[in-house]
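Enquirer: What follows is a single structure, and I will ask about it in a moment.
The values are calculated or read from the model by the stated rules, or taken from the named source; none is laboratory data. Computed from a predicted structure; not experimentally measured. Here the Cβ positions follow ideal geometry from the backbone for every residue, glycine too, while neighbour counts run over all protein chains shown.
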Amino acid sequence: MLQDAEQAKSFLPADCALYVRGLNVRYGENVALHDVDLAIGWGKLVGVIGPNGAGKSTLLKAILGVVPHQAQEISIAGRRQAQGRKLLAYVPQREEVRWDFPVTVEDVTLMGSYGRLGLLARPSVQDRKLAAFALEQVGMYDLRRSQISQLSGGQQQRVFLARALVQQGRILVLDEPLNGVDSSTQETILNLLTDFRQSGGTVLMATHDLETAARLCDELCCINRTVIAYGPAAAVFTPETLARTYGGTLLHAGHQDIIIGTNGPLMLPTKPEGEPRV
Amino acid sequence: MFDAFQQCISAGGVGNCLSNPLNYAFMRNGLIEVALVGLICGVVGCYVVLRGLSFLGDAFSHGILPGVVIAYLLGQSVFLGGLLAAVVIGLIISLLTQSQRISEDTSIGILFAGSFALGIVLLSSQRNYTSSLTTILIGYVLGVSESDIYTTLLAGAVVLGIVFLFYKQFLITSFDRGMAAAMGFRLGLIDLGLIVLIALAVVTSLQALGNILVLAMLITPSATARLLTDRLPVMMGLAGLIGAVEGLVGLYFSFYVKIAAGGAIVLLATLVFFIVITLSPKHGVIGWLRQRQRQAK
């Protein structure tokens with residue numbers, strides 16, 4: 001069931017949404033990721049999980065081409081990274097942005113079109129319509145004239161998702177989109193991600209919300225400096241695999257599995273494929 | 001102190017006060033120059049304020065002193081001397097910041113202080129050292145010639161043109177660098193472009209404001225504008241307008257009260273900033289107090 005490195009290599013890049021072979025990332029002398037092999041198909045909602053500092057963000061950023069890296073091959077929708085990356089839409093971590101910047105919700109959403117505009121071009125009427133539609137989808141249209149610092153964390157995340165929708169990518173890359181957002185935002189985001197997957201696109205989402213990952217993702221990718229396991233969620237989401245990923249000791253306490261890891265104890269959800277929490 | 005002012009009012013009212021100085025060519029040139037400089041610095045200053053580049057602006061304005069001094073001693077254009085020095089300073093800064101051991105602000109600090117010292121040493125060999133130094137450091141707006149104005153116009157057109165044409169690039173790299181990189185924008189190149197704009201704005205303002213006071217026009221009107229709006233294009237327009245008006249009013253004031261023009265302009269800009277930060281409904285002290293009151297209830 002699980003995809004191992006050999007299997008990942010046996011896929012043809014042209015058939016995959018994302019195809020990564022022999023990826024290495026170093027920050028100075030620290031190895032952030034080594035020997036990453038991955039082959040992700042179309043129409044999948046893929047959760048990237050792993051402890052803090054395991055390289056989840058780094059993996060996403062290497063695929064996006066924004067951190068220096070070496071790789072034998074990274075192909076996006078069967079194209080080389082440099083061309084294929086126009087097909088990626090991206091929701092960065094909220095903490096990485098200057099929220100006190102004098103721009104409105106509408107301005108930020110419209111930035112989604114910047115990547116496909118020519119050197120001197122401005123967003124067109126069509127782009128503005130796209131932005132308005134995306135804001136409606138995330139339920140932020142009424143607040144489109146607000147300055148972004150006036151928004152709550154959840155609302156900021158919705159705007160980021162709207163901006164990513166305006167990018168019109170076929171692969172959506174999200175870095176901790178569920179971090180610190182309210183439950184209704186979480187629902188909005190997850191619904192949109194499921195829709196996106198339904199329409200044939202692929203979603204790659206880094207998250208440390210294990211329960212949501214297990215409940216909603218089709219596939220899980222466990223990362224700790226390299227790929228520990230990748231495959232269908234049900235096959236990956238086992239206490240043993242998670243213990244290997246989180247680098248700790250697995251304890252069974254009645255019905256509850258606990259991993260005593262380097263980040264502290266980690267309670268595993270009792271039902272991997274279970275119903276939504278009540 | 002206000003004698004001259006009272007005289008011209010009694011002679012023909014406020015209109016007379018405004019038109020009187022225009023009889024002098026040096027005042028006409030000076031007024032055009034400060035308005036242009038206020039406009040250019042105000043617009044470029046928005047990015048300086050929003051990106052937190054005040055220190056870099058300061059470094060440029062001090063660091064180019066040797067170039068200005070050499071141009072001054074050779075009787076050449078201060079603009080060209082400053083521009084050459086800015087290029088050299090920019091190159092050395094970008095080389096120094098490659099080093100991992102020494103932080104960027106330390107490299108910049110070392111360089112600009114050292115360069116400033118070099119300028120002073122060069123100038124101190126001259127006989128009328130003190131008065132020359134004063135002129136260079138605080139500017140001499142009434143010494144602006146017609147050709148200086150043309151230079152300013154040209155530099156201003158280039159600067160404002162670039163800000164307008166590459167609005168998209170400067171906006172996204174200032175707001176969200178991760179996204180900008182992911183979209184394929186070349187951060188290094190765009191940052192360099194912005195540094196060139198700041199350097200151009202500083203060098204253009206030298207004649208009117210001098211090496212020390214130029215920083216004020218680069219950040220104060222823009223910071224004032226930031227308090228008044230939450231839209232970047234509006235902020236840029238306002239900052240340019242505020243800078244230009246402060247330049248004009250400050251120069252008129254210095255004419256009648258007989259004080260140094262550069263000082264008067266910057267002092268006025270500072271005063272306006274403090275008034276606005278006190279009164280601004282959204283970002284000011286009063287707005288902040290009102291908000292606290294509301295929260296307390």
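Enquirer: Has region A:145-161 got any residue that is more than 13 Å from chain B (Cβ to nearest Cβ), touching a residue at least 12 places away in the same chain (Cβ under 8 Å) and among the β-branched types (Val, Ile, Thr)?
Expert: Checking region A:145-161: not a single residue is more than 13 Å from chain B (Cβ to nearest Cβ), touching a residue at least 12 places away in the same chain (Cβ under 8 Å) and among the β-branched types (Val, Ile, Thr).
Enquirer: Failed condition for B:LEU241, given (1) in a helix (DSSP H, G or I); (2) within 14 Å of chain A (Cβ to nearest Cβ), with all others met?
Expert: All conditions are met except number (2).
This table checks each residue for (1) part of a loop (DSSP other than H, G, I, E, B); (2) of a type in the set (A, V, I, L, M, F, W, C); (3) out of contact with any helix residue (DSSP H, G or I) (no Cβ under 8 Å at 6 or more places or on another chain).
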position: A:LEU135; (1), (2), (3): no, yes, no
position: A:ASP142; (1), (2), (3): no, no, yes
position: A:ARG145; (1), (2), (3): yes, no, no
position: A:PHE160; (1), (2), (3): no, yes, no
position: A:GLY169; (1), (2), (3): yes, no, no
position: A:LEU172; (1), (2), (3): no, yes, no
position: A:GLY180; (1), (2), (3): yes, no, no
position: A:GLU187; (1), (2), (3): no, no, yes
position: A:ASN191; (1), (2), (3): no, no, yes
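Enquirer: Filter region A:80-124 for residues that are at the interface with chain B (Cβ under 10 Å from one of its Cβ atoms) and in a strand (DSSP E or B) and give the result.
Expert: Within region A:80-124, A:LEU88, A:ALA89, A:TYR90, A:VAL91, A:THR104 meet the criteria.
Enquirer: Can you pull out every residue in region B:125-174 that is within 30 Å of A:GLN167 (Cβ to Cβ) and either in contact with an Asp or Glu (Cβ under 9 Å, 6 or more places away or on another chain) or among the hydroxyl-bearing types (Ser, Thr, Tyr) (or both)?
Expert: Within region B:125-174, B:TYR167, B:LEU171, B:THR173, B:SER174 meet the criteria.
Enquirer: Pick from B:PHE166, B:PHE185: which is within 12 Å of chain A (Cβ to nearest Cβ) and in contact (Cβ under 8 Å) with a residue 24 or more places away in the chain? Explain how you work it out, then say what you get.
Expert: Working: B:PHE185 fails: in contact (Cβ under 8 Å) with a residue 24 or more places away in the chain.
After ruling out the rest, the residue left standing is B:PHE166.
Enquirer: Restricting to region B:1-25, name every residue that is at pLDDT 75 or above and either within 28 Å of the chain's Cα centre (by Cα) or part of a loop (DSSP other than H, G, I, E, B) (or both).
Expert: B:CYS17, B:LEU18, B:SER19, B:ASN20, B:PRO21, B:LEU22, B:ASN23, B:TYR24, B:ALA25
Enquirer: Given the conditions (1) aliphatic (A, V, I, L, M); (2) surrounded by 15 or more Cβ atoms within 10 Å (Cβ to Cβ); (3) within 14 Å of chain A (Cβ to nearest Cβ), which single one is not true for B:LEU206?
Expert: So B:LEU206 meets the others, but not (3).
Enquirer: Considering A:ALA32, A:ALA39, which residue is surrounded by fewer than 21 Cβ atoms within 10 Å (Cβ to Cβ), more than 14 Å from chain B (Cβ to nearest Cβ), under 28 Å from A:THR241 (Cβ atoms) and in contact with a helix residue (DSSP H, G or I) (Cβ under 8 Å, 6 or more places away or on another chain)?
Expert: Numbers: A:ALA39 fails: surrounded by fewer than 21 Cβ atoms within 10 Å (Cβ to Cβ).
Answer to the check: A:ALA32.
Enquirer: Cβ contacts < 9 Å: first residue under 14 Å from B:LEU171 (Cα atoms), restricted to region A:119-130; second residue in a loop (DSSP other than H, G, I, E, B), any location; separation 6+ or different chain. Result?
Expert: A:LEU119/B:PHE166; A:LEU120/B:PHE166; A:PRO123/A:LEU117
Enquirer: Regarding A:GLN156, is this residue in contact with a Lys or Arg (Cβ under 9 Å, 6 or more places away or on another chain) and within 30 Å of B:GLN291 (Cα to Cα)?
Expert: Details: in contact with a Lys or Arg (Cβ under 9 Å, 6 or more places away or on another chain): yes; within 30 Å of B:GLN291 (Cα to Cα): yes.
Criteria met by A:GLN156.
Enquirer: How many residues does region B:102-132 contain that are modelled with pLDDT under 85 and under 22 Å from the mean Cα position of the chain (by Cα)?
Expert: Count: 1.
Enquirer: Hey, could you check region B:168-191 for residues that are out of contact with any helix residue (DSSP H, G or I) (no Cβ under 8 Å at 6 or more places or on another chain) and part of a helix (DSSP H, G or I) and say which is modelled with the lowest pLDDT?
Expert: If we take residues in region B:168-191 being out of contact with any helix residue (DSSP H, G or I) (no Cβ under 8 Å at 6 or more places or on another chain) and part of a helix (DSSP H, G or I), then B:GLY188 is modelled with the lowest pLDDT.
Enquirer: Among the residues of region A:209-236, which ones are basic (Lys, Arg) and touching a His at 6+ places or on another chain (Cβ under 9 Å)?
Expert: Of everything in region A:209-236, just one residue is basic (Lys, Arg) and touching a His at 6+ places or on another chain (Cβ under 9 Å), namely A:ARG225.
Enquirer: Only one of (1) in contact with a helix residue (DSSP H, G or I) (Cβ under 8 Å, 6 or more places away or on another chain); (2) at pLDDT 90 or above; (3) not hydroxyl-bearing (Ser, Thr, Tyr) fails for B:LEU271. Which number is that?
Expert: For B:LEU271, the exception is condition (1).
Enquirer: Another question, then. Determine if region B:257-267 includes at least one residue that is assigned to a helix (DSSP H, G or I), crowded, with 17+ Cβ neighbours inside 10 Å and within 14 Å of chain A (Cβ to nearest Cβ).
Expert: Checked region B:257-267: no residue is assigned to a helix (DSSP H, G or I), crowded, with 17+ Cβ neighbours inside 10 Å and within 14 Å of chain A (Cβ to nearest Cβ).
Enquirer: Answer yes or no: is there a residue in region B:169-178 that is more than 30 Å from A:GLY112 (Cα to Cα), within 23 Å of the chain's Cα centre (by Cα) and either within 14 Å of chain A (Cβ to nearest Cβ) or surrounded by fewer than 18 Cβ atoms within 10 Å (Cβ to Cβ) (or both). Before you say what the answer is, go through the steps one by one.
Expert: So in region B:169-178, the residues more than 30 Å from A:GLY112 (Cα to Cα) come out as none.
Within region B:169-178, not a single residue is more than 30 Å from A:GLY112 (Cα to Cα), within 23 Å of the chain's Cα centre (by Cα) and either within 14 Å of chain A (Cβ to nearest Cβ) or surrounded by fewer than 18 Cβ atoms within 10 Å (Cβ to Cβ) (or both).
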